[in-house]
Amino acid sequence: MYSYTEFDDTFIAARNAQFRAQVERRVDGSLTEDEFKPLRLMNGLYLQLHAYMLRVAIPYGTLNGGQMRQLAFIADKWDKGYGHFTTRQNIQYNWPELRDVPDMLDALAEVDMHAIQTSGNTIRNVTADHFAGAAADEVADPRPIAELIRQWSTDHPEFQFLPRKFKVAVSGAAHDRAVIKAHDIGLRIVERDGVQGFEVIVGGGLGRTPMIGKVLYDFVDAEDLLPTLEAIVSVYNLLGRRDNKYKARIKITVHENGIEDIRARVDARYALIRPQFTGVDQQMLSRIEADFAKPTFKTQSLAAYESAYTNDPVFRSWADTNLAVHRAQGYAIVSISLKAHGKTPGDASTEQMRVMADLAEEFGHNELRISHEQNVILPHVHRGDLPALHARLKEFGLATANIGLISDIIACPGMDYCALATARSIPIAQEIATRFDELKLEHDVGPLKIKISGCINACGHHHVGHIGILGLDRAGVENYQITLGGDATEAAAIGERAGPGFSADAIIPAIERLVLAYLDLRTEQSETFLQTYRRLGLAPFKAALYPEAQADAA
Amino acid sequence: MAKAFTPSVITANALLEGDVIYLTAQGWTRDLAQAEVFDDEAIAEDRLIEASAQTDQVVGVYLANVDASSGTPVSTHFREAFRAKGPSNYIHGKQETL
């Protein structure tokens with residue numbers, strides 16, 4: 001993985017010193033809040049509902065054991081002993097005090113981390129497939145190009161004051177695990193005639209006006225990618241609306257101008273700037289690729305794995321649910337669930353963070369990933385080590401066997417923390433998970449993605465949930481709208497609104513009716529919720545959600 | 001006809017800690033029950049201006065509606081209720097000490 005160069009160290013140190021001085025000037029009154037606010041946001045520091053919140057970048061969700069351990073140290077020393085992993089593959093601290101933040105940033109810099117561009121109208125932390133470098137279906141590891149984009153975009157002078165925030169996601173596989181079609185720019189590494197290049201998708205995004213991105217180019221050569229990105233963001237910077245923040249994202253720019261017009265403008269801009277890219281970026285990419293060299297995989301007996309799988313039903317259940325196919329023989333990708341039933345999705349205690357760091361070092365070639373689904377991944381674990389790993393995970397409440405199931409819910413912080421939220425998300429996720437654990441139906445229901453947002457900004461990706469839940473304020477009362485049929489994969493789709501919303505008391509029974517209806521409607525156990533929905537449409541699910549309307553109509 | 005003024009308290013976040021705080025006659029408190037309740041709009045507006053000027057202590061000062069009929073101010077909107085108590089997902093934050 002990438003580690004800082006001397007240039008990076010110097011840059012981050014200078015930036016942190018600058019912010020330390022800005023904090024001091026805010027505290028002594030030299031800076032007003034209006035002056036200070038954009039400066040703190042440039043360093044990832046928000047003021048939320050109950051406290052400050054520091055959002056730390058975990059580029060493309062990749063970190064090592066030492067970095068995870070340092071994140072735990074920071075949470076213990078300056079926060080409340082836990083961290084919250086987000087759909088942006090970042091970590092957020094919910095309770096820092098203003099005076100401590102410069103020390104927190106210095107502590108991050110010690111392990112090559114920072115909080116730059118985790119806020120503001122800039123190109124945000126670049127995200128990627130959380131199975132990058134390990135997935136069996138991968139064309140190429142997307143992280144080197146994500147790192148190149150991070151270096152290109154960090155403090156890019158032209159792109160510090162875009163019309164709105166700008167999100168880039170990269171996938172190197174046929175199966176999209178990075179939700180690339182719901183990003184401002186989505187990149188997919190593809191192969192054509194034996195040559196690797198990029199499919200470039202623009203104008204996707206969720207929020208108030210959810211849209212699936214459109215293909216701008218079906219193949220861009222690797223050496224042309226950075227000038228292409230620069231041309232796209234330049235066109236958006238010029239054309240994007242600044243009169244209305246809700247219409248300022250590139251999805252609106254593409255929608256209002258049309259993809260053909262945008263392509264023509266990007267082509268023209270590209271022609272102008274392409275000569276400035278003299279190949280230095282490709283030299284940098286070669287250096288970065290060396291930093292992402294694949295681990296040396298070992299050959300080891302599978303006996304322990306096979307014995308545990310045969311004899312231990314708890315291990316087998318976990319293995320069936322939480323492992324993914326690795327490209328290397330004998331290895332598995334391990335997803336560690338941060339969705340224990342009834343707990344806050346995405347939260348990890350500092351003890352759990354340290355355990356995951358230890359396990360990465362002991363069993364996982366010192367690599368960890370944060371998924372946009374708010375779980376932690378050990379991308380390279382030999383199957384022979386899995387029984388020992390599972391035993392340790394169990395000891396620390398990290399062995400919940402629910403990846404991809406009904407309790408593996410994405411939930412934004414909602415009104416429990418977020419100043420923008422209009423309703424709570426987390427308690428709804430907690431109650432759904434607890435309810436289906438009580439019903440013992442989770443494994444029978446099978447793959448089902450529930451995603452919850454506490455406001456229209458859709459940080460919980462509810463639009464692309466098979467079942468999406470949107471929390472709103474209806475006349476001073478929390479109210480929850482349901483959408484159905486959303487999909488975050490390569491077959492991306494925006495969910496369809498089912499009907500009137502439900503009160504906080506009524507939403508869990510409504511979800512239960514919906515899921516029980518699916519169990520009745522599916523033709524066989526292997527037909528997933530989404531497949532059943534696509535086969536039958538909204539009507540039978542709507543009937544389950546609103547039985548009183550059915551009765552009235554009868 | 002002008003809308004009747006709703007009893008209110010003045011709230012903000014503390015500059016250094018970020019905590020939710022409320023104005024009292026003597027200064028700021030973390031406890032909504034101790035907040036000064038304003039029934040008179042003109043007085044409330046004057047106090048809001050004074051409080052907003054304390055930029056070395058507080059951020060984001062505003063009036064929040066309360067029900068003070070029991071003698072102790074109680075939030076009338078769920079957002080303010082969460083601010084007064086802390087997150088509802090588990091016991092941490094403000095409710096640890098109140």
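Every number in this text was worked out from the coordinates using simple rules, so none of it is lab data. A quick note: this is a predicted structure, and the numbers were derived from the prediction, not measured. Every residue, glycine among them, receives a Cβ derived from its backbone with ideal geometry; neighbour counts consider all protein chains shown.
Values as computed for the structure displayed
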| quantity | calculated |
| --- | --- |
| Magnitude of the charge dipole, segment A:194-321, Cβ model with Lys/Arg +1 and Asp/Glu -1, debye to 20 | 660 |
| Mean-position separation - Cα centroids, segment A:228-273 and segment A:9-47, in angstrom | 31 |
| Kirkwood Rh in Å, taken over all unlike Cα pairs in segment A:306-397 | 13.4 |
| For chain A, Cys with no neighbouring Cys Cβ under 4.7 Å | A:Cys418, A:Cys455 |
| Cut-off 13 Å between beta-carbons: net charge of the residues surrounding A:Ala75, Lys and Arg +1, Asp and Glu -1 | -1 |
| Residue (of B:Ile49, B:Ala12, B:Gln26) at the positive-pole extreme of chain B, dipole from beta-carbon charges | B:Ala12 |
| Total charge dipole magnitude, segment A:322-371, about the Cα centre, Cβ charges on Lys, Arg, Asp, Glu only, Debye to nearest 20 | 260 |
| Positive-pole candidate from A:Ala419, A:Tyr52, A:Tyr236, dipole of the protein assembly as shown, charges at beta carbon | A:Tyr236 |
| Cα-based reach from A:Lys542 at 21 Å (exclusive), listing lysines while leaving out same-chain residues under 8 positions away | A:Lys449, A:Lys451 |
| Euclidean distance of C-alpha centroids, segment A:486-554 and segment A:286-315, integer Å | 39 |
| Computed magnitude of the charge dipole of segment B:12-70 (debye, nearest 20; Cβ of K, R +1, Cβ of D, E -1) | 180 |
| Whole-Å distance, taken between Cα centres, linking segment A:413-438 and segment B:22-73 | 30 |
| Residue-wise HN-Hα coupling along segment A:329-338, computed from phi with Karplus coefficients 6.51, -1.76, 1.60 (Hz; x: Gly, Pro) | 4, x, 9, 9, 9, 9, 9, 8, 6, 9 |
| Least to most buried among A:Ile456, B:Ile49, A:Ile58 (fewest other Cβ within 10 Å first) | B:Ile49, A:Ile456, A:Ile58 |
| Cα→Cβ-extended label distance, 7 Å offset, between A:Leu238 and A:Glu33, nm | 3.9 |
| Normalised per residue, the volume of the convex hull around the Cα set of the protein assembly as shown (Å³) | 183 |
| For segment A:402-412, 3J(HN,Hα) per residue [Karplus equation, 6.51 cos²θ - 1.76 cosθ + 1.60, θ = phi - 60°, Hz, x = Gly/Pro] | 9, 4, x, 9, 5, 8, 7, 9, 7, 9, 5 |
| Ranking of A:Thr87, B:Thr76, A:Thr422, A:Thr10 by count of other Cβ atoms within 10 Å, fewest first | A:Thr10, B:Thr76, A:Thr422, A:Thr87 |
| Fewest-first ranking of B:Lys94, A:Lys245, using other Cβ atoms within 10 Å as the exposure measure | A:Lys245, B:Lys94 |
| Entries in A:Lys37/A:Lys77; A:Lys80/A:Lys167; A:Lys37/B:Lys94; A:Lys251/B:Lys94; A:Lys181/A:Lys339 that, when Cα-Cα distance is taken, lie over 32 Å | A:Lys251/B:Lys94 |
| Three-way shape call for segment A:196-327 based on the alpha-carbon gyration tensor, with the a/c threshold at 1.5 | oblate |
| Under 5 Å, built H, 5+ apart or other chain: amide partners of A:Glu490 | A:Asp176 |
| Shielding by partners - mean other protein chain Cβ count within 10 Å, residues of A:468-480 | 1 |
| Under 5 Å, built H, 5+ apart or other chain: amide partners of A:Val190 | A:Gly197, A:Phe198, A:Glu199 |
| Which of A:Asn64, A:Pro96, A:Gln117, positive extreme of dipole for segment A:59-161 (C-beta unit charges) | A:Pro96 |
